[in-house]
Amino acid sequence: MNPAVKNTFLFSLVGVLLVGTGIIQGWNSALVILNMGLVSAIMALGVNLQWGFAGLFNIGVMGFVALGGLAAVLISTPPVPEAWQAGGLRIIAGLVLGAATVVAAVMAQKRLTGRTKTLATLAILIGGFFLYRAVFDPGKAAVEAVNPAVSGYLGGLNLPILLAWPAGGLLAAGAAWLIGKTALGLRSDYLAIATLGIAEIIIAIMKNEDWLARGVKNVIGLDRPVPYEIDLQNDPGFVERAASLGLDPVTASTLYTKIGYAVLFTIVLLIILWLAQKALNSPWGRMMRAIRDNEVAAEAMGKDVKGRHLQIFILGSAICGIAGAMMTTLDGQLTPGTYQPLRFTFLIWVMVIVGGSGNNFGAILGGMLIWWLWVQVEPLGLGLMSIISSGLAEDSALRERLIDSAAHMRLLTMGLILLLVLRFSPRGLIPER
C-alpha cells in the first residue's frame, strides 16, 4: 500500500474511533479522550526525539512530566505571604547553601590533588550538609505550619497559566541538563536504570516536600486558560446560543471548555511537530541519526557524540515537561500520587513503538490510538465478559471471576498489541523513512 494512503487511512481510523465514541458514549467522553490523546501525543514526540533520533533509552519520562506539573503550580498559584514571612527566605537561603556546597565540592575535586582533595571534599560536603539543614529545616517547618489544611506552602508567581507550559519545558530541560551531564556517559541499559531512579527521586521530593507544592495534600483549583462552566452557564448570551443549537446550558458549557482545550492542545502539538520535522530533515537531524546508527564511526568523523546526546536529551525532556504542564492545567490540580510509571513511562513507550520509532507522525498516531484503547478497553472488556458469562448463574464463582478480570483487560490488550506490532510491523505502524 502506498505510504501516503496508508497513513491517511490510519489517522482516519483514529478519527472514526473518536467520532464513534461521541455518537455512542457522548461527545463529552470523546473530547476527554481527544484532549488526553493530544497531550499523550506530545509526550510521545518527546520520547521519539530521544529514542527515534538518537537512540537514548530514557525511562524516566514520569519525572519530567511531573516537573511540568510542578511548573503549573509555581507559575499560576498566588504566593502565600504568611508562609514567606514565616520561613520563605530561610528556605531560599538553605537551598542556596546546598547548591554552594555541591559547587565547592566539585571545585575541590578539580583543583586539589591527592589526600588533600579527599579530605577537603569530605569536609565541604559534611560541613555544608549540616549548615544547609540548620538553615533549611526551621524554615520548612515554619512554612508547612501556616494553615496546612489549605496552604502550608510558599505558593507561586500568580502569572497566567499558559506561561506555565513553556516554564514546564524549561524546568524539565534544566533537570535534564543536570541528569545528562552525569548519566549520558553510561551505556544504554545503565542510562535507563539511572533515569528511572532519578524520576522516582523527583516524585519522592514532590510527595514529601510540602513547602514546595503541598506534597500529597495536592494543589487544587489551578487557573484555567478557558472559561469556567459555571460562568458560561450564567452568561445569558451563551445560554441563548446553546438553546439555538438545541443544547442545555450545562452540556453546552462542558463541550465548549473541552473544545477550547482541544484547540489549544492542537496548536501546541502542531508547533512541536513542525519544529520536530524541521529538525529531522535538517543536517542536524541527519547527524543525530548517524550517531544513533554508529556512534564509533560518528566519533571518528569528529562529531561530539556526548554533546549531541545531551542536546537531544534536553530537547526531548523539555517537550515532556510542556506536556506535563498541559496535563496539570487540564486536570486543574497537581496530584503527585498519580504519577505512576505504568501510565507515564510504559504507556508512552508503547505509543512510540506502536506508532513507529523515528517517525514524528508515527508518534502522534501511537499517542492518539493507544490512549483511546487505554480508556476504552476496560468498558469493552467488561461488556465482552458479560456476554461470555451470560449463560452462567448469577452466583457462579466463574462468572464473578470473569467479570472481575475485566479490570485487567488494559494491561492484557497493551501487551497483545505490542506483541502483534513487533511481530507483523516491527518498525511500527508508520515506520521511519
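Of note:
- Computed on protein heavy atoms with a 1.4 Å probe, the accessible areas place 305, 296 in the order 296, 305, largest first.
- Ranked by the mean number of other Cβ atoms within 10 Å of their residues, highest first, the peptides 326-336, 173-183 come out as 326-336, 173-183.
- Accessible area of residue 228 in the full protein assembly, 1.4 Å probe (Å², nearest 10): 90 Å²
- Quotient of the Cα radius of gyration of segment 94-165 and 2.2 N^0.38 Å, N being its number of residues: 1.62.
- Residue 158 versus residue 189: modelled label distance in nm, points set 7 Å from Cα along the beta carbon direction: 5.4 nm
- Extension gain, residue 106 to residue 301, is 67.0 nm, computed as 0.36 nm per intervening residue step minus the present C-alpha separation.
- Helix 114-144 axis versus longest C-alpha principal axis of the chain: approximately 60°, rounded to the nearest ten.
- Förster radius 30 Å - calculated FRET efficiency between residue 338 and residue 384 (Cβ-Cβ, nearest 0.05): 0.60
- Values of log10 I(q)/I(0), in the order q = 0.16 Å⁻¹, for segment 337-433 under a Debye, Cα-only, solvent-free model: -0.72
- Of all accessible heavy-atom area on segment 125-219, the percent that carbon and sulfur account for (1.4 Å): 71 percent
- Separation of alpha-carbon centers, segment 2-16 and segment 406-423, rounded to whole Å: 22 Å
- Amide H within-cut-off set for residue 219, under 5 Å, with H built and near neighbours excluded: 334
- Pairwise centroid distance, computed over Cα atoms, of segment 46-61 with segment 91-109, Å: 31 Å
- Alpha-carbon centroids, segment 320-353 and segment 200-242: separation in whole Å: 16 Å
- Between helix 409-424 and the chain there is an angle of about 90 degrees, using the helix long axis and the longest principal axis of the Cα atoms.
- The Rg/Rh ratio for segment 1-136, using Cα coordinates for both the radius of gyration and the Kirkwood hydrodynamic radius, is 1.23.
- Structure-derived Rg and Dmax of the Cα atoms in Å - corresponding label in (1) 24.6, 83; (2) 30.2, 121; (3) 20.8, 61: (1)
- Computed from Cα positions, the angle between helix 283-293 and the longest principal axis of the chain comes to roughly 90 degrees.
- Computed over protein heavy atoms with a 1.4 Å probe, the accessible surface of the chain works out to 49 Å² per residue.
- In segment 374-433, the GluC sites (Glu not before Pro) that fall in loop regions by DSSP, at most 13 other Cβ within 10 Å: 394
- Heavy atoms of residue 201 accessible to a 1.4 Å probe, total area in Å² rounded to 10: 100 Å²
- Projecting the Cα positions of 380, 149, 184 onto the charge dipole of the chain (unit charges on Cβ atoms of Lys, Arg, Asp and Glu, taken about the Cα centre) puts 184 furthest along the positive direction.
- Heavy-atom accessible area order for 184, 125, largest first, 1.4 Å probe: 125, 184
- Taking all protein chains as they are arranged and a probe of 1.4 Å, the heavy atoms of residue 315 leave approximately 80 Å² accessible to solvent.
- For the pair residue 209 and residue 396, the difference between a 0.36 nm per residue extended length and the Cα-Cα distance amounts to 62.5 nm.
- Length-normalised contact order of segment 78-178 in % [C-alpha pairs under 8 Å, at least 6 apart]: 44 percent
The values are calculated or read from the model by the stated rules, or taken from the named source; none is laboratory data. If you're wondering where the values come from, they're calculated on a predicted model, not measured in any experiment. Note that each Cβ is placed from the backbone with ideal geometry, even for glycine, and that neighbours are counted across all protein chains shown. When the accessible area is computed, the model is the full protein with side chains, heavy atoms only, and any ligands, DNA or RNA have been set aside. Shrake-Rupley method; radii C 1.70, N 1.55, O 1.52, S 1.80 Å.
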